[in-house]
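Before any comments, here is the structure.
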């Protein structure tokens with residue numbers, strides 16, 4: 001049985017790829033889904049599932065995550081059947097390693113995905129040791145993708161970096177495989193997008209409140225200035241009236257001003 005981290009990691013990567021690439025009109029994402037690449041292989045699995053006697057273990061192949069480009073991703077599929085998909089194999093495969101699958105994922109799958117599926121890019125991630133490795137098809141085989149200074153691996157298929165991120169996802173704090181776009185921005189989950197939107201809305205409300213308070217303060221100061229000006233004008237008029245009355249008395253008394 002798969003671990004909790006294993007299952008949730010597949011779900012996280014599927015969500016991130018969809019958020020990065022947009023609506024799946026021209027790509028298909030699959031996780032823990034059988035890939036049938038030959039009729040004989042399909043027959044082996046059918047006989048095994050139905051409990052028939054088999055000569056050898058059937059060739060199950062169900063990557064933890066795979067991506068096929070230039071196909072209709074909205075079409076419902078219970079499995080990926082290569083001969084029903086115009087011979088299309090995955091363009092990218094990602095395996096999340098457990099103690100029971102490390103030998104297969106690290107050693108055997110590298111040769112299988114390179115020689116049988118001819119997958120352009122293959123990545124595997126081992127959370128226990130924090131190891132992320134990627135391969136890209138070159139000629140007849142794989143060459144290992146060199147990490148950048150941040151330890152990220154560039155995926156030409158996704159147009160994004162893959163790297164290790166430690167944090168919380170769905171209430172679990174672990175090391176996760178995450179995506180960053182070409183500019184180095186973390187591809188966000190839906191929950192992170194919503195939290196970011198809420199934070200942005202809160203900042204905008206706070207900024208609007210600060211602007212409103214500043215306007216009110218400026219209006220209050222302007223009102224005070226108007227009142228002071230009006231008081232000064234009234235005082236000046238009062239003094240002018242008193243001066244006129246004084247002049248009038250002086251004239252009546254015949255006294256020079």
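When each of 178, 207, 193 is tested for being over 16 Å from the mean Cα position of the chain (by Cα) and either modelled with pLDDT of 85 or more or not in a helix (DSSP H, G or I) (or both), the lone residue that passes is 207. Consider residue 158 carefully, then state whether it is under 23 Å from residue 62 (Cα atoms), in a loop (DSSP other than H, G, I, E, B) and touching a residue at least 12 places away in the same chain (Cβ under 8 Å). For residue 158, the condition - under 23 Å from residue 62 (Cα atoms), in a loop (DSSP other than H, G, I, E, B) and touching a residue at least 12 places away in the same chain (Cβ under 8 Å) - is met.
Can you tell which of 93, 110 is in a strand (DSSP E or B) and either buried (at least 16 other Cβ atoms within 10 Å of the Cβ) or not assigned by TED's automatic domain parsing to the domain that holds residue 155 (or both)? After ruling out the rest, the residue left standing is 93. Against the test of being surrounded by fewer than 13 Cβ atoms within 10 Å (Cβ to Cβ), touching a strand residue (DSSP E or B) at 6+ places or on another chain (Cβ under 7 Å), at pLDDT 90 or above and not in a helix (DSSP H, G or I), the options 150, 136 yield a single qualifying residue, 150.
The values are calculated or read from the model by the stated rules, or taken from the named source; none is laboratory data. Since the model is a prediction, treat every value here as computed from it, not as a measurement. No Cβ is skipped: glycine too gets one built from the backbone with ideal geometry, and neighbour counts run over all protein chains shown.
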